[in-house]
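The values are calculated or read from the model by the stated rules, or taken from the named source; none is laboratory data. Only a predicted model underlies this, so the values are computations on that prediction, with no experimental measurement involved. Cβ placement follows ideal geometry from the backbone for every residue including glycine, while neighbour counts extend to all protein chains displayed. Calculation scope for accessible area: heavy atoms of the full protein, side chains included, ligands and nucleic acids excluded. Shrake-Rupley method; radii C 1.70, N 1.55, O 1.52, S 1.80 Å.
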Amino acid sequence: MNIVIVGNGILGLTAAYKLINRDKNISITIIGPDNNKGCASLAAAAMFNSFAELDEHTLSNETDLKKFLFNKASTPIWPGLLQQLQEEWGKPIEHGFGTYIINNHISDSLEDENFDAIVHGLNQFNEPFEVIKPTSIPKYKPTAQGRAARAIYINNEGWVNPISLMSALKDILLKSSKVNFVDGYCKNLHKEDNKISKIILEDGATVSGDIYLLAPGATFSKIINESDLELDFLKIFYGVGCSLLLKTGADTLPKCIRTPNRGLACGIYSAPQNDQHTLVGASNFISPWPEDFARTTSVYTLLKSAMEQINSDYYRSDLVKVNVGWRPTSEDTLPMLGKTSIPNLIVATGTKRDGLHCSPVISDYLADIILTGHSEQDMDMYAPEREPVRMYTREEAINITVKHTINAAYQHDFVPAKNRMVDDLEKYYYDDLCKLHDKVGAFTWGIPPEMVNMYRYDHIKDRKKVLQ
């Protein structure tokens with residue numbers, strides 16, 4: 001069996017790794033640029049977080065709860081998988097377990113609510129954690145205004161250096177006679193007799209196989225638009241994120257420190273990459289097209305937040321690198337995983353910022369359906385040709401968006417006047433979002449908060465499944 005994998009990011013690499021370990025009679029061709037331009041994982045910390053990502057509404061929302069359980073299933077797999085990869089690679093992969101969650105007052109009460117939600121979730125699922133004094137956190141030295149009032153330590157959630165991890169996977173695969181890498185970009189997929197017959201690269205070269213796994217990250221919709229497949233997929237957008245690699249020397253953290261989610265993103269975090277470097281992240285905004293460079297506002301906000309909320313001595317750190325990654329984000333913000341109505345085409349994208357963390361579970365699922373045609377894992381919610389999942393009611397979505405929009409403003413130096421300014425802003429945003437929902441026909445469902453601007457500027461339009 002010849003398998004062609006479009007995409008050399010974390011999902012493509014881990015799927016290939018699982019496949020060669022489960023079937024000795026396959027050959028795999030992996031297509032993707034050697035420089036991994038826009039790779040979301042390489043711009044990440046990368047953190048093994050599931051409980052740390054809980055929001056106030058996660059466990060009470062059926063769809064969010066299912067996604068959380070899907071995310072949580074990967075956490076216990078990582079220690080063994082990392083050990084296995086290190087043994088095969090013959091080198092250490094920088095990683096660690098244990099994450100500090102801090103609750104400061106840089107933003108508004110949404111941060112308190114999400115911190116409480118994390119603690120509630122940890123208790124509900126009997127997950128080990130400790131309530132600690134913020135001042136006991138090693139290398140934690142915020143400014144007076146940025147100091148935390150509360151903190152917890154989650155024992156089993158941690159981090160891995162993504163460059164080290166992906167280098168290990170690539171080197172292991174390169175040693176295998178079953179795997180071939182092609183440096184290039186997929187332009188389109190060619191279909192004959194309701195099957196994919198070949199991949200056409202941007203330079204005109206072609207690659208053929210028996211089964212095709214389309215896992216190109218955020219460039220998915222670009223490839224689909226160039227292919228005449230007659231399939232109806234959700235649109236994948238570019239979740240443009242920026243992170244900063246600092247040479248922190250003696251101030252390098254031994255563990256990951258982060259805030260709860262806030263302002264439609266993951267808050268501020270700092271994670272060690274080795275004993276001399278710390279990664280600070282991360283910004284995020286949804287775009288219909290790729291952006292090659294970080295925006296100055298993102299770099300400014302990350303540096304300011306890291307110095308004020310994590311360690312004020314970062315002012316003397318070297319700014320080694322500004323990373324930019326494209327998180328593949330579907331129009332309903334859920335992953336797209338599994339078989340399609342073309343029998344030899346399988347899709348894996350839309351994982352947003354969970355792709356690396358969830359890759360052990362996703363790669364097992366992909367290996368199952370590639371090798372056997374079915375899997376015991378229930379991934380129906382993520383079917384690639386699904387209708388958009390409407391996870392929120394109209395009122396829920398509007399209220400969540402208003403809260404996160406105000407919260408994000410505080411993170412960007414918003415200081416309201418001592419009057420009814422915040423109340424007036426909340427009413428303004430609420431009324432504006434009601435009009436937007438009316439405009440797109442969202443009367444019985446809510447626009448995902450991250451996708452508001454994609455609907456506002458008509459990047460999601462003219463689709464029967466959108467206009468109800």
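Val280 meets all of the listed conditions (1) open to solvent by 10 Å² or more (accessible area, probe 1.4 Å); (2) in a strand (DSSP E or B); (3) more than 30 Å from Leu214 (Cα to Cα) but one, namely (1).
So, Glu426, is that one open to solvent by 50 Å² or more (accessible area, probe 1.4 Å), in contact with a helix residue (DSSP H, G or I) (Cβ under 6 Å, 6 or more places away or on another chain), in a helix (DSSP H, G or I) and not polar (S, T, N, Q) or not? Considered against the rule, which asks whether it is open to solvent by 50 Å² or more (accessible area, probe 1.4 Å), in contact with a helix residue (DSSP H, G or I) (Cβ under 6 Å, 6 or more places away or on another chain), in a helix (DSSP H, G or I) and not polar (S, T, N, Q), Glu426 comes out as yes. Scanning the stretch 401-423 for residues that are open to solvent by 20 Å² or more (accessible area, probe 1.4 Å) and under 23 Å from Asn61 (Cα atoms) yields a count of 3. Select, from Cys256, Cys242, Cys266, the only residue that is under 22 Å from Val402 (Cα atoms) and under 19 Å from the mean Cα position of the chain (by Cα). Only one candidate passes the filter, namely Cys266.
In this structure, Ile362 does not qualify as over 18 Å from the mean Cα position of the chain (by Cα), in a helix (DSSP H, G or I) and of a type in the set (Val, Ile, Thr). Within the stretch 130-142, being touching a residue at least 60 places away in the same chain (Cβ under 8 Å) and surrounded by 12 or more Cβ atoms within 10 Å (Cβ to Cβ) holds for Ile137, Lys139, Tyr140, Lys141, Pro142. Inspection of the stretch 182-196 finds no residue satisfying the criterion of being surrounded by fewer than 21 Cβ atoms within 10 Å (Cβ to Cβ), among the hydrophobic types (A, V, I, L, M, F, W, C), under 30 Å from Lys352 (Cβ atoms) and without any contact (Cβ under 8 Å) to a residue 40 or more places away in the chain. For the stretch 197-243, the set of residues classified as touching a Ser or Thr at 6+ places or on another chain (Cβ under 8 Å), over 30 Å from Thr278 (Cα atoms) and open to solvent by 10 Å² or more (accessible area, probe 1.4 Å) consists of Ser197, Lys198, Ile200, Val207, Ser208, Gly209, Leu231, Phe233, Lys235, listed by residue number. Every test in (1) closer than 30 Å to Leu214 by Cα; (2) open to solvent by 10 Å² or more (accessible area, probe 1.4 Å); (3) not hydroxyl-bearing (Ser, Thr, Tyr) is passed by Pro384 save one, and that test is (2). Leu433 fulfils the conditions (1) open to solvent by less than 50 Å² (accessible area, probe 1.4 Å); (2) within 28 Å of Leu213 (Cα to Cα) except for a single criterion, (2).
Could you tell me which residue of the stretch 47-95 is nearest to Met381 (Cα to Cα), considering only residues that are touching a His at 6+ places or on another chain (Cβ under 7 Å) and in a loop (DSSP other than H, G, I, E, B)? Out of the qualifying residues, it is Ser74. Which residues, counting only those in the stretch 1-27, are assigned to a strand (DSSP E or B) and surrounded by 24 or more Cβ atoms within 10 Å (Cβ to Cβ)? Passing the criteria: Ile3, Val4, Ile5, Val6. With respect to Gly96, determine if the residue is among the small types (Gly, Ala, Ser) and over 20 Å from the mean Cα position of the chain (by Cα). Criteria not met by Gly96.
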